[in-house]
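*Asks:* Encoded as structure tokens, here's the structure I'll be asking about.
The values are calculated or read from the model by the stated rules, or taken from the named source; none is laboratory data. Just so it is clear, the model here is predicted, and its values are computed rather than measured. Here the Cβ positions follow ideal geometry from the backbone for every residue, glycine too, while neighbour counts run over all protein chains shown.
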């Protein structure tokens, strides 16, 4: 499978999962450049009668407006149909890596589960292929109890929670806009050269091109004070998507 095809597959999948997004949202989520995202959106607009809608977000100073795109049901259908052949290929490849005997053996479910629960040393040595062999019968079995899967990392991002590095960027822009610029410019108009130099001047900041994410707890502790401000900023960072509420109803 060509790398470009896989990149487009991930871009379409991300757009579907987000539902509503800006060019910056898709750039942060996929790692593609703005030009690629804009070409993708331009081509999508030409397909069907109304694959997506656009609205200009309010800004506090003159300049090019920030556009938020929202997929319509027609747009979602278009992207899903384009992704379907690639999804089938990915699934076929994944299944081909699992030995046939491990695919459809519901009777081995309880034995396999009990064996791995009672043998932690063996469990720690499982490789990717062995893990797939162990999980396949569990996930394919129709017997009770059904397997319970805990989703993290990407699941949090897809539900509207930014990854750590992006969260640091958004918090820095927000705080810089409010405290240094006195809200004269909105956070999205704060230049990277402004907030980066300002953030790096703090003694607690961990410098390094690949260590921005490590600053997340430090940024929260040192910049998001008092507690009321911290709560407001963190809640603003989390945008519910796909019908998922981030308020949380558990204990």
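*Asks:* What number of residues within region 25-42 satisfy the criterion of being exposed (fewer than 13 other Cβ atoms within 10 Å of the Cβ) and assigned to a helix (DSSP H, G or I)?
*Replies:* Total meeting the criteria: 4.
*Asks:* Do you know which of the residues in region 219-251 that are modelled with pLDDT of 90 or more and over 14 Å from residue 170 (Cα atoms) is surrounded by the most Cβ atoms within 10 Å (Cβ to Cβ)?
*Replies:* In this case the residue turns out to be 222.
*Asks:* Could you tell me how many of the residues in region 187-225 are part of a loop (DSSP other than H, G, I, E, B) and touching a residue at least 24 places away in the same chain (Cβ under 8 Å)?
*Replies:* Residues that pass the stated criteria total 1.
*Asks:* So if I check each of 87, 15, 114, which one is modelled with pLDDT under 90 and either touching a helix residue (DSSP H, G or I) at 6+ places or on another chain (Cβ under 9 Å) or surrounded by 14 or more Cβ atoms within 10 Å (Cβ to Cβ) (or both)? Explain how you work it out, then say what you get.
*Replies:* Numbers: 15 fails: modelled with pLDDT under 90; 114 fails: either touching a helix residue (DSSP H, G or I) at 6+ places or on another chain (Cβ under 9 Å) or surrounded by 14 or more Cβ atoms within 10 Å (Cβ to Cβ) (or both).
After ruling out the rest, the residue left standing is 87.
*Asks:* Name the residue, out of 175, 168, that is surrounded by 11 or more Cβ atoms within 10 Å (Cβ to Cβ), closer than 18 Å to residue 24 by Cα and modelled with pLDDT of 90 or more. Explain how you work it out, then say what you get.
*Replies:* Values: 175 fails: closer than 18 Å to residue 24 by Cα.
Answer to the selection: 168.
*Asks:* Mind counting the residues in region 57-81 that are part of a helix (DSSP H, G or I), exposed (fewer than 10 other Cβ atoms within 10 Å of the Cβ) and either assigned by TED's automatic domain parsing to the domain that holds residue 169 or in contact (Cβ under 8 Å) with a residue 40 or more places away in the chain (or both)?
*Replies:* 0
*Asks:* I'm told residue 194 meets every condition in (1) closer than 25 Å to residue 68 by Cα; (2) assigned by TED's automatic domain parsing to the domain that holds residue 175; (3) modelled with pLDDT under 90 except one. Can you identify the failing condition by its number?
*Replies:* Answer for residue 194: the failing condition is (3).
*Asks:* Right, next: Taking the condition farther than 19 Å from residue 192 by Cα, outside any helix (DSSP H, G or I) and touching a strand residue (DSSP E or B) at 6+ places or on another chain (Cβ under 9 Å), does residue 54 pass?
*Replies:* Spelling it out, residue 54 is indeed farther than 19 Å from residue 192 by Cα, outside any helix (DSSP H, G or I) and touching a strand residue (DSSP E or B) at 6+ places or on another chain (Cβ under 9 Å).
*Asks:* In region 3-10, is there at least one residue being surrounded by 15 or more Cβ atoms within 10 Å (Cβ to Cβ), in contact (Cβ under 8 Å) with a residue 60 or more places away in the chain and within 15 Å of residue 67 (Cβ to Cβ)?
*Replies:* no
*Asks:* Going through region 206-216 one residue at a time, which ones are out of contact with any helix residue (DSSP H, G or I) (no Cβ under 6 Å at 6 or more places or on another chain) and surrounded by 13 or more Cβ atoms within 10 Å (Cβ to Cβ)?
*Replies:* Of everything in region 206-216, just one residue is out of contact with any helix residue (DSSP H, G or I) (no Cβ under 6 Å at 6 or more places or on another chain) and surrounded by 13 or more Cβ atoms within 10 Å (Cβ to Cβ), namely 214.
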